[in-house]
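No lab work stands behind these numbers, since they all come straight from the coordinates. Fair warning: this is a prediction, and the values are worked out from it, not measured in the lab. Methodologically, a virtual Cβ is constructed for each residue, glycine included, from the backbone with ideal geometry; neighbour enumeration extends over all protein chains shown.
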Amino acid sequence: MIVRMSKIEIVGPKDLLQDVLNVLSSLGIFQIEPSSAGISEKGQEEDLRSFSLDEKTLFERLFLEDLREKIEKLFSFLPRIPVRKSYLDPQSILGTLAYTVEKHLSACKSLEERKRILRRELAELKRYSGFLFTLEALFKDAKAAPDLDVIGLTIKDPGAIEHIEVLLSRLTGGKFKLFTIPVENGALGGLITIEKTLSEKVSRALSSEQIPEMPFPESFDLLSLTGKISFIQQRSSAINAEIEGIERERQKICTRWWPIYTTVYAWINGRLALLNATASVFQTRMCFFIHGWMSTEDVAGLKRRMASSFGPLVVIEEKEMLQKDLDRVPVMLKNPSYFRPFELFVRLLPLPSYTSLDPTPFIAIFFPVFFGMILGDAGYGLILLVMSLILRKRFAAKKTLRDGAQILLISSVYTIFFGILYGEFFGDLPQRLLGIEPLCVERRTAIIPMLYFTLTVGVLHVLFGLFLGIVTAFKKRTKKKALFKFLSILLIFCMIIILASFFDVFPAVISQPVIIAILLLSPLLLFAGGLLAPLELLKSVGNIISYVRIMAIGLTSVLLAFMANHIAGLTGNIVIGIVVAGMLHLLNIILGVFSPTIHALRLHYVEFFSKFLEHGGKEFHPLRKGDDEGTGSI
């Protein structure tokens, strides 16, 4: 549900402002309105103006912002490893930390620059060492012929290899070897082995042909081919060892200083939040005025806390909520434990406006039902139930994954329930092996009854959405919109009656007064909804028809399960049959998780929520001590 909010004004003497803000930040239940001029009431003192910070406070703010920026830069250089918690008083070590952060930043920048240079050198060496494994036979020959030299090439056009071979054959009399390997951007890396006496001549010829050489390090010049290979291997090992040393040094800094910097960083965030909040406070010659929002249920507790801390010096008054305030009220969602995991689906959408409804309870009620109706297999449901319990225990510390596992758990229970009604346990195994007939309906053959059933579900769900739209319209005091939703419900009922009369569900004589009712209601519909009202009505009818996907996707699932069992029976071998059926059922379970989820969400997001949900809400951001602290309690 969307928590009911109150518009609050806090008034007190100016010298108590920082103490009051400290109390508010420690509780974490009050959001200061940044545009207080718009929320304050007329009739207050004429000299009401924004609260101005003195020179000392401004200097503190600049100092803390600079220190926070440096700490953030330092964090970007340090690895993320588990560290202890620091219990030092942040305020007492700010001066020391302002000095040490400069040293650590300088040290980390040097380490990072050295690491970057080493990695670049290692990447160059890898280009050369790429030939080592492909040319191992050549290196063995090089030990017996130490007068060989190596020339590296970068061949941008692979089609030039034939031209290079002709050129080398003419210059060396055929005494050369050319090896190539693919490198980046479709180019080739080449390695030429020739006699040392010919290397200078070949290099000049390659330059004149504009064939770029791959530059070897200067330390290669006096080395033999075998020496070059040994140098690459030794230097690569040395570079890796040095990089590991840099990482150990970074971890050493992180282990010792990360807890301190983290604690100070959180304190700075809290302190800057207070100073920034001060800029949203208004003042007169002697008093301060704080305007903002908080949960209505917390107002009494805040009054008690302020009274115990400041006595009658600080006054809290709950202001009347005006129509113009509704667009500024921040939104906070609060749901019972059963509904709370389904906020995961709601967070995929923009936040609902304050005057709208929280869609969480509705998706929590209907989504598992739709999921179970589509999958509808007790065997699959048992597997998903076990899987959800394992995932919930495995990821208990990760909220998103834990909520996802809880949603899967609830949905699997409904899958088992509908599986019992459909008589499905890994497809038609109960009927195939034990002769047990479905309790309710066999989906594989009862296509028309399932079609009627899903359309009925669609009618009820869409009409319920339109009813919620009426509630939302009354909350926003838009009576014409409420009338349009009400007329849409009446007209859909009329259409259903006429359609049912065609199939002799209702007597044909009833259709005539219903048609007259439609003709009478249509002008009212145009008046309430405008010229596009008929299109909106047809859209609602189309939304109802969309619920047929519950039957269609479910039918696909049960047919795949039936085919798995049927193919397994055709194998004539129990072991092979179990393996084949198991693989097909596994595929069906995987599809049975994703497909019902996607289509059930679509029915909510498009067909249902569009009837009542209005987006555009602003999230509730209470004043808090630091980013790592949660909402306080009174």
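With the Cα gyration tensor of region 457-514 giving a ≥ b ≥ c as the square roots of its eigenvalues, does the rule (a/c under 1.5 for rounded; else a/b larger than b/c for prolate; else oblate) give rounded, prolate or oblate? The shape class here is oblate. Distance from the Cα centroid of region 153-180 to that of region 451-499 is 79 Å (rounded to whole angstrom).
Dimensions of region 425-502 based on its C-alpha atoms, expressed as ranges along the principal axes with the largest first, amount to 61, 32, 13 Å.
On the basis of the beta-carbon distance and an R0 of 22 Å, residue 503 and residue 548 show a calculated FRET efficiency of 0.85.
How high is the FRET efficiency from residue 230 to residue 76, r the C-beta distance, R0 30 Å, rounded to 0.05? E(calc), rounded to 0.05, equals 0.20.
Of 70/398; 85/393; 115/252; 324/481, which sit over 21 Å apart, Cα to Cα?
70/398; 85/393
Taking other C-beta atoms within 10 Å as the exposure proxy, 454, 556 rank 556, 454 from fewest upward.
Over all pairs of different C-alpha atoms, region 330-443 has a mean inverse distance whose reciprocal, the Kirkwood radius, equals 15.4 Å.
For residue 423, nonlocal amide neighbours, meaning residues 5 or more places apart or on other chains whose placed amide H falls under 5 Å from its own, are 439, 440. Along region 449-466 the Karplus relation, 6.51 cos²θ - 1.76 cosθ + 1.60 evaluated at θ = phi - 60°, assigns HN-Hα couplings of x, 5, 5, 4, 5, 5, 5, 5, 4, x, 4, 5, 5, 5, 5, 5, x, 5 Hz to successive residues, with x for each Gly and Pro. Of all lysines in the structure, those lying under 26 Å Cα to Cα from residue 201, and not within fewer than 8 positions of it along the same chain, are 140, 143, 156, 175, 177, 228. Derived value for region 527-600: Kirkwood hydrodynamic radius 15.1 Å. Basis is the mean of 1/r over every pair of different alpha-carbon atoms.
Stokes-Einstein diffusion for region 523-567, with the hydrodynamic radius set to the Kirkwood value over Cα pairs and evaluated at 20 °C in a medium of 1.002 mPa s, equals 162 µm²/s.
Determine the gain in length on full extension of the stretch residue 307-residue 464; use 0.36 nm per residue of separation and subtract their C-alpha separation, reporting nm with one decimal.
Numbers: separation 157, 0.36 × 157 = 56.52 nm, distance 4.63 nm.
Extra length from residue 307 to residue 464 when fully extended: 51.9 nm.
Working from Cα pairs under 8 Å separated by at least six residues, relative contact order for the chain is 23 percent.
Each label was represented as a point 7 Å from its Cα along the Cα-to-Cβ direction; for residue 532 and residue 102 these points are 6.2 nm apart. Work out the P(r) tail for region 340-611: percent of alpha carbon pairs separated by more than 31 Å, whole number. So the pairs more than 31 Å apart make up 39 percent of the total in region 340-611. Taking amide H as placed 1.01 Å from N in the peptide plane, the amide H of residue 331 sits under 5 Å from that of 618, 619, 620, each at least 5 places away or on another chain.
Give the order of 377, 325, 298 when sorted by the count of other beta carbons within 10 angstrom, beginning with the fewest.
On the way: 377 31, 325 17, 298 22.
Going from sparsest to densest Cβ surroundings: 325, 298, 377.
Is the C-alpha gyration tensor of the chain telling us rounded, prolate or oblate? Criteria: a/c under 1.5 is rounded; beyond that, a/b larger than b/c is prolate, otherwise oblate. Taking the square roots of the gyration eigenvalues as a ≥ b ≥ c, the chain is oblate. Spin-label model, residue 58 to residue 421: label points 7 Å out along the Cα-to-beta-carbon direction sit 7.0 nm apart. For region 386-479, applying the loop criterion from DSSP together with a ceiling of 12 other beta carbons within 10 Å to the trypsin sites (Lys or Arg not before Pro) yields 398, 477.
In terms of Cα atoms, the Rg and Dmax of region 276-409 work out to 22.2, 74 Å.
Shown in residue order for region 363-377 are the 3J(HN,Hα) couplings computed by the Karplus curve 6.51 cos²θ - 1.76 cosθ + 1.60 at θ = phi - 60°: 6, 5, 7, 8, 4, x, 5, 4, 4, x, 5, 6, 6, x, 9 Hz (x for Gly and Pro).
May I ask which of 126/196; 303/479; 319/539 have a Cα-Cα span longer than 30 Å here? Could you put the intermediate results ahead of the total?
Details: 126/196 24 Å; 303/479 37 Å; 319/539 42 Å.
Pairs exceeding the cut-off: 303/479; 319/539.
Between residue 177 and 193, the built amide H atoms are under 5 Å apart, and every one of these is 5 or more places off in sequence or on another chain. Estimated from helical segments only, the mean residue ellipticity of the chain at 222 nm is -20500 deg cm²/dmol, where each DSSP H run of four or more residues counts as -39500 (n - 2.57). Using θ = phi - 60° in the Karplus curve 6.51 cos²θ - 1.76 cosθ + 1.60, the 3J(HN,Hα) couplings for region 261-274 round to 5, 5, 5, 5, 4, 5, 5, 4, 4, x, 5, 5, 4, 5 Hz; x is entered for Gly and Pro. A full extension of the chain between residue 445 and residue 594 corresponds to an added length of 51.2 nm, given 0.36 nm per residue minus the alpha carbon distance.
In nm, what is the difference between 0.36 nm times the number of residues separating residue 601 and residue 413 and their Cα-Cα distance? Result: 65.9 nm gained on full extension.
How would 258, 267, 293 line up from fewest to most surrounding beta-carbon atoms within 10 angstrom?
Values: 258 22, 267 19, 293 27.
Result, fewest neighbours first: 267, 258, 293.
Can you list the chymotrypsin sites (Phe, Trp or Tyr not before Pro) in region 57-110 that are in a DSSP coil and have 14 or fewer other beta carbons within 10 angstrom? Working shown, then result.
Working: sites: 59, 63, 75, 77, 87, 99; in loops: 87.
Sites meeting the loop and neighbour criteria: 87.
With the simple model of a label 7 Å out from the Cα in the direction of the Cβ, residue 88 to residue 396 spans 3.5 nm.
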